[in-house]
Amino acid sequence: MASPRAAALYSPELLALAVELAEVPYDDRARALGHARSRSCGSVIDLSSSNAERIETVGLRVSACAVGQASAAIFAREAAGMDAAAVETTIEELGEWLEGRAPSAILPRLELLEAARPHRGRHEAILLPWRAALAALSNPETPG
């Protein structure tokens, strides 16, 4: 039986976000490719973007816990149009939110990850899609 703490962390709403990832398939021939790995939990996200200057059509390949998957789903819906500077600003704002110094209103649906904030081991998983996006926009690759 799951502990009450686990039940609060993995709410049905948080778990439902992971299903949305099926709508954002990774494209290894995209103009911009990014990779991010969590040092704390080993989660990995690969990101593809059809534009090397800003997030347009995005694809994700996610190997992460439900928190990381939920964060990736939020990213996929909210990052459209962002350039590297905007992604970097969002990473900073998320860091402030994770430390309890900013409201969840910085991104739509971020409140669904609220239960993960006290779990410092989940913080990198929450930041992972944004870091993969920054990597993609900072180091665009030309498909072969």
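The values are calculated or read from the model by the stated rules, or taken from the named source; none is laboratory data. It should be emphasised that the depicted structure is a prediction, and the values quoted were computed from it without experimental measurement. No Cβ is skipped: glycine too gets one built from the backbone with ideal geometry, and neighbour counts run over all protein chains shown. Please note that ligands, DNA and RNA were not included when accessible areas were found on the heavy atoms of the full protein model with its side chains. Shrake-Rupley method; radii C 1.70, N 1.55, O 1.52, S 1.80 Å.
Overview of results
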{"read-out": "E92 modelled with pLDDT under 95, out of contact with any Pro (no Cβ under 8 Å at 6 or more places or on another chain) and under 14 Å from L134 (Cα atoms)", "value": "no"}
{"read-out": "Unique match (being over 19 Å from V24 (Cβ atoms), crowded, with 18+ Cβ neighbours inside 10 Å and not small (G, A, S)) among L47, L98, L110", "value": "L98"}
{"read-out": "Matching residues in the stretch 84-119 - criterion: being in contact (Cβ under 8 Å) with a residue 40 or more places away in the chain and part of a helix (DSSP H, G or I)", "value": "A84, V87, E88, T90, I91, L112, L113, A115, A116"}
{"read-out": "Residue that is nearest to A16 (Cα to Cα), among those in the stretch 38-79 that are in contact with a helix residue (DSSP H, G or I) (Cβ under 8 Å, 6 or more places away or on another chain) and of a type in the set (K, R)", "value": "R77"}
{"read-out": "Residue among G81, G59, G68 that is under 12 Å from the mean Cα position of the chain (by Cα) and over 26 Å from L9 (Cβ atoms)", "value": "G59"}
{"read-out": "Residue within the stretch 80-89 that is out of contact with any helix residue (DSSP H, G or I) (no Cβ under 6 Å at 6 or more places or on another chain), of a type in the set (S, T, Y) and open to solvent by less than 70 Å² (accessible area, probe 1.4 Å) present", "value": "yes"}
{"read-out": "Count of residues meeting criterion [open to solvent by 30 Å² or more (accessible area, probe 1.4 Å), at pLDDT below 90 and not hydrophobic (A, V, I, L, M, F, W, C)] in the stretch 5-41", "value": "6"}
